[in-house]
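The values are calculated or read from the model by the stated rules, or taken from the named source; none is laboratory data. This is a predicted model, so every value here is computed, not measured. Here the Cβ is made from the backbone with ideal geometry for all residues, glycine too, and neighbour counts use every protein chain on show.
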């Protein structure tokens, strides 16, 4: 029997969540390009993988008295990273349910998300040892939310110039999922900035 329990690696858990979310966004891009069943399954599998990583993190958080930084920040950052994959998966599911093809605006939004996800991964890699570098990448990640907001407004403006109201409503829901996904990236970046501020 082990006398001492292994110390949880919360930085590692959060990095794996960020990496999984980034992989999920790249899988989402593959789906929007092909919209094949295998691509949809890949996105859903990564969403489930992220859920499992979060479950492990929460269990360890509940069983740990001392954490490397504020436990509420750990919980909220994990939740924001998990939500990124939830919205990515929702976009896939609804594109399939509605039977519509991803347009160029959807593809542009996914590219924006991939860029933001990449910056989150870089930030998480440096958070423990080099918090100021982590801070810089978090700031870069936040900029993508502004790109998404501009892309969303342009997409909706062009969408409602069409003549098919049912299609407009369906596609707007897809746009919203992707916009919400960017919001969660922004939230994760804000939490990282708060962690860095508290630790320096």
Total residues in region 83-102, condition surrounded by fewer than 22 Cβ atoms within 10 Å (Cβ to Cβ) and within 16 Å of residue 52 (Cβ to Cβ): 2
Residues satisfying the stated conditions in region 191-200, i.e. in contact with a helix residue (DSSP H, G or I) (Cβ under 7 Å, 6 or more places away or on another chain) and either buried (at least 17 other Cβ atoms within 10 Å of the Cβ) or modelled with pLDDT of 95 or more (or both): 191, 192, 193, 194, 195, 196
Boolean, residue 138 is at pLDDT 95 or above, closer than 18 Å to residue 17 by Cα and buried (at least 16 other Cβ atoms within 10 Å of the Cβ): yes
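Kindly check whether there is at least one residue in region 55-67 that is buried (at least 20 other Cβ atoms within 10 Å of the Cβ) and in a helix (DSSP H, G or I).
yes
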Of all residues making up region 19-39, the number that are over 19 Å from the mean Cα position of the chain (by Cα) and in a helix (DSSP H, G or I): 4
Extreme residue, farthest from residue 128 (Cα to Cα), among residues of region 179-195 that are over 10 Å from the mean Cα position of the chain (by Cα) and in contact (Cβ under 8 Å) with a residue 60 or more places away in the chain: 179
Residues of region 146-163 classified as over 25 Å from residue 84 (Cα atoms) and in contact with a helix residue (DSSP H, G or I) (Cβ under 9 Å, 6 or more places away or on another chain), total: 3
Tabulated pairs, region 140-167, first more than 11 Å from residue 109 (Cβ to Cβ), second exposed (fewer than 14 other Cβ atoms within 10 Å of the Cβ), C-beta under 9 angstrom, 6+ apart or interchain: 159/167
Complete set of residues in region 70-91 that are outside any loop (DSSP other than H, G, I, E, B) and over 24 Å from residue 109 (Cα atoms): 71, 72, 73, 74, 75, 76
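Going by the structure shown, is residue 128 over 22 Å from residue 195 (Cβ atoms), over 16 Å from the mean Cα position of the chain (by Cα) and in contact (Cβ under 8 Å) with a residue 60 or more places away in the chain?
Numbers: over 22 Å from residue 195 (Cβ atoms): no; over 16 Å from the mean Cα position of the chain (by Cα): yes; in contact (Cβ under 8 Å) with a residue 60 or more places away in the chain: yes.
Here the answer is no, as residue 128 does not meet what is asked.
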